[in-house]
Amino acid sequence: MKFRLKPAPLVLLLLFLSAPFYPAFSQGASHVKVELLSEQNSIQPGGSVTVGFHFRMQKGWHIYWKNPGDSGQAPSITWTLPEGFTAGEILWPVPQRLPLAHLADYGYTNEITFLVPIQAPAKLIAGHMVRLAATVHWLVCQEICIPGGKQLNLRLPIRKKAAPYNSRYAFYFKSARKILPQEIPEDWKITGSMGPKEFHLSLDTGAALSKTTTAAFFPLHGNQIQNSANQISEIEGNTLNLGFKKSDQCSPEIKNLEGLLVLEQKNAGKRGYWVNVPLNNN
C-alpha cells in the first residue's frame with residue numbers, strides 16, 4: 001500500500017509565510033536580563049547622576065570586559081539624551097579570566113553592574129521630568145555566543161535640591177563600586193621588562209606583602225599576552241614579581257603594557273589597579 005502526503009492547506013502556508021522574523025539578538029533574552037537603574041531619585045540643574053546597567057546572566061553564561069580576550073565583544077551603549085546632557089565612559093569592574101580549551105576570555109558571570117556618570121546642564125526647570133534613553137548591545141556566551149540588544153529608558157524628576165539616594169538599588173551600586181579598579185598609589189613603584197617570549201612586572205608597595213597575595217594582569221589591548229597561559233607571581237618582602245607569556249601576535253615594537261593589575265589576598269578579596277608600564281628589554 002502506498003501513502004502520499006497531502007499538500008498543506010493554503011491557510012497554513014499563508015500563516016507560515018506571515019510569521020514574524022525575529023533577529024538574532026532576541027534569542028539571547030532568555031540568557032541575560034538587563035535593567036537601567038538610577039542611584040539618585042532626582043537630578044539637579046548642573047548636577048550629575050550615576051546610572052547602572054545591571055546584567056543578570058543565566059548560570060553558565062557570561063558577557064565580556066573592555067578587552068574580551070581571545071574572543072567575544074564588550075557591551076556597548078548608544079545614548080539618546082536631552083539637549084545639554086552628556087554621558088561619561090563605562091566604568092568597568094574587575095573582570096574574571098574565563099578559560100575555554102586553549103583560549104581564555106575576560107568577562108563576567110552571574111551578575112554585574114556597569115556604572116555610567118551622567119552630567120546635566122545648568123538650564124533645567126525644577127518640577128519637570130527628563131528622559132534618559134539608551135540602546136545597549138551585548139554578546140552572551142557559553143559554548144555558543146548570541147548577540148543581544150535592548151532599548152532602555154529612565155525618567156527622573158528635576159529638583160532644585162538633591163534628593164535622598166535610591167535605597168531600592170543601593171546594593172547594586174555599592175557592590176559595583178567595591179570592584180571598580182583604582183589608580184595605582186603614588187608611593188608604589190612598578191617596573192616592567194620584556195624578553196623573547198615573556199613579560200615581567202615588578203611591584204614594590206613599600207610595605208611587607210602577605211605571602212598569600214597573588215597577582216594577575218589583564219591587558220587593555222589584544223594580541224599582547226597569551227591569555228590562556230598561567231601567570232606566575234612571587235612575593236619577596238615588599239615586592240611582588242609577576243611573569244606571563246607573550247602572544248605570538250605581539251608587536252615587536254611594543255613599548256608599554258597598559259591594563260589592569262589585580263591583587264588577591266586570601267580572605268580579603270580582589271583589588272584592581274590601572275597601570276601603564278614602560279618596558280625594558282631583557
query: Hey, how much of the P(r) for segment 124-282 falls beyond 18 Å, as a percent of Cα pairs?
result: 71
query: When the chain is fully extended, how far beyond the present Cα-Cα distance does L180 get from N280, taking 0.36 nm per residue of separation?
result: 33.1 nm
- request: Name the shape class, rounded, prolate or oblate, that the alpha-carbon gyration tensor gives for segment 25-179, where a ≥ b ≥ c are the square roots of its eigenvalues, rounded holds for a/c under 1.5, and otherwise prolate holds if a/b is larger than b/c and oblate otherwise.
  value: prolate
query: In terms of Cα to Cα distance under 18 Å, which lysines are near enough to K33, apart from those fewer than 8 places away along the same chain?
result: K59, K150
message: Give the lysines reachable from K161 as a straight Cα distance under 28 Å; neighbours fewer than 8 places away on the same chain don't count.
response: K123, K174, K178
Sequence-separation-based contact order of segment 169-282, relative, with Cα cut under 8 Å and 6+ spacing, percent: 32
- prompt: Say each of R168 and H221 gets a label point 7 Å from the Cα, pointing the same way as Cα to Cβ; how far apart are those two points in nm?
  reply: 4.4
statement: In nm, the gap between the two label points placed 7 Å beyond Cα toward Cβ at D187 and N41 is 4.1
- prompt: If you work out Cα extents along the principal axes in Å from the coordinates, which of [x] 52, 41, 31; [y] 58, 44, 34; [z] 79, 75, 38 do you get?
  reply: [z]
- line: According to the Cβ-distance criterion of 4.7 Å, cysteines of the chain with no possible disulfide partner are C250
Using distinct alpha-carbon pairs, which all enter the 1/r mean, Kirkwood radius of segment 144-189 in Å: 15.6
message: I need the shape label for segment 116-199. Rule: rounded when a/c is under 1.5, else prolate if a/b > b/c, else oblate, with a, b, c from the alpha carbon gyration tensor.
response: oblate
- prompt: Within segment 183-281, what is the number of lysine pairs with alpha carbons under 27 Å apart, leaving out pairs fewer than eight places apart on the same chain?
  reply: 19
query: What residue among K266, K178, K66 has the largest mean-square fluctuation in a Gaussian network model of the chain, using Cα springs under 10 Å?
result: K266
- prompt: About its Cα centre, what dipole magnitude does segment 25-179 give when the only charges are +1 on Lys and Arg Cβ and -1 on Asp and Glu Cβ, stated in debye to the nearest 20?
  reply: 700
- prompt: Relative contact order for the chain using alpha-carbon pairs under 8 Å, separation at least 6, rounded to a whole percent?
  reply: 18
query: Using a Förster distance of 30 Å, how high is the FRET efficiency between E198 and K266, based on the Cβ-Cβ distance and rounded to 0.05?
result: 0.70
statement: When the chain is treated as a Gaussian network with springs between alpha carbons less than 10 Å apart, the largest mean-square fluctuation among P164, P75, P99 is found at P164
- prompt: If you build a Gaussian network model of the chain, linking Cα atoms that sit under 10 Å apart, which residue out of F114, F85, F53 swings the most?
  reply: F85
field: Mean-position separation - Cα centroids, segment 150-167 and segment 38-73, in angstrom
entry: 17
query: If you place +1 on the Cβ of every Lys and Arg and -1 on the Cβ of every Asp and Glu, how big does the dipole about the Cα centre of the chain come out, in debye to the nearest 20?
result: 1400
statement: When R168, R56 are ranked with the fewest other C-beta atoms within 10 Å first, the list becomes R168, R56
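All of the numbers you see were taken from the coordinates with simple rules; none came from a lab. None of these values were measured; they are calculated from a predicted model. Glycine also receives a Cβ, built like all others from the backbone with ideal geometry; neighbour counts cover every protein chain displayed.
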